[in-house]
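Reviewing the structure listed below.
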Amino acid sequence: MDKETRELKVTAIENGTVIDHIPANNVFKVIRILNLENNNHQVLFGDNLDSEKYGKKGIIKVSNTFFAPDEINKIALVAPTATLIVIRNFKVVEKTKVEVPDEIIKIVKCFNPGCITNHENITTRFKVIDKAEMKLKCHYCEKSIARNNIIFA
């Protein structure tokens, strides 16, 4: 069987965003943090797809949806290898790799129950201390948070 026979083509989207190169097994995390299960537009996804560059990858296509900077930062925390592809009129108009920012504001909760951000109306702020391992440090209580303990606000 040749390669063309083995591939299943997914309908192109007219307008929207494709999130490509998501690490395998992180597709559902991205869907959850972006609240895509409640999106009223078409959402297509695949996980554990063959990738020459990464071995395995995931992809999400969302029609008529374009992500805000806070949402892109969430994607970067969960899928730092992801590429965002903006589609308009069936054409790629923008293609960018997500970047883990140096500072995360508002989108992550501090897991420390004693942190002031969990008792007062204060916007959370974290410094990214290790982008490869995804470790954050709370600006207020100085507790470090590892990738597994990140809770999105």
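The values are calculated or read from the model by the stated rules, or taken from the named source; none is laboratory data. Everything numeric in this text was worked out from a predicted model, so none of it was measured. A quick note on method: Cβ atoms are made from the backbone with ideal geometry, for glycine too, and the neighbour counts reach across all protein chains shown. Heavy atoms of the whole protein, side chains included, go into the accessibility calculation; ligands, DNA and RNA do not. Shrake-Rupley method; radii C 1.70, N 1.55, O 1.52, S 1.80 Å.
Here is how the numbers come out for the structure above:
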{"read-out": "Mean projected area (nm²) of the alpha-carbon convex hull when the range 1-137 is viewed from all directions", "value": "10.0 nm²"}
{"read-out": "Solvent-accessible area of Glu37 with every protein chain in place, 1.4 Å probe, in Å² to the nearest 10", "value": "110 Å²"}
{"read-out": "Extended-chain gain in nm, criterion 0.36 nm per residue less alpha-carbon gap, Thr123 and Lys106", "value": "5.6 nm"}
{"read-out": "By accessible area with a 1.4 Å probe, ligands and nucleic acids excluded, highest first: order of Asp50, Asp70", "value": "Asp50, Asp70"}
{"read-out": "Computed over the chain: relative contact order in percent, which uses C-alpha pairs under 8 Å that are six or more apart", "value": "20 percent"}
{"read-out": "Eligible aspartates and glutamates near Lys135 by straight Cα distance, threshold 19 Å, same-chain separation 8 or greater", "value": "Asp70, Glu71, Glu99, Asp102, Glu103"}
{"read-out": "Stokes-Einstein diffusion coefficient of the range 43-88, Kirkwood radius over Cα pairs, 4 °C, 1.567 mPa s, in µm²/s", "value": "110 µm²/s"}
{"read-out": "Spin-label pair His41/Asp130, simplified geometry with 7 Å Cα→Cβ offset, distance in nm", "value": "3.7 nm"}
{"read-out": "Inter-label distance for Asp50 and Ala68, nm, one decimal - labels placed 7 Å from Cα along Cα-to-Cβ", "value": "4.1 nm"}
{"read-out": "Residue among His21, Leu44, Ala79 farthest towards the positive dipole end of the chain, charges placed on Cβ", "value": "Ala79"}
{"read-out": "Rounded to 10°, Cα long-axis angle of helix 69-78 versus longest principal axis of the chain", "value": "90 degrees"}
{"read-out": "DSSP-assigned coil residues among trypsin sites (Lys or Arg not before Pro) in the range 23-90, each with at most 14 further Cβ atoms within 10 Å", "value": "Lys53"}
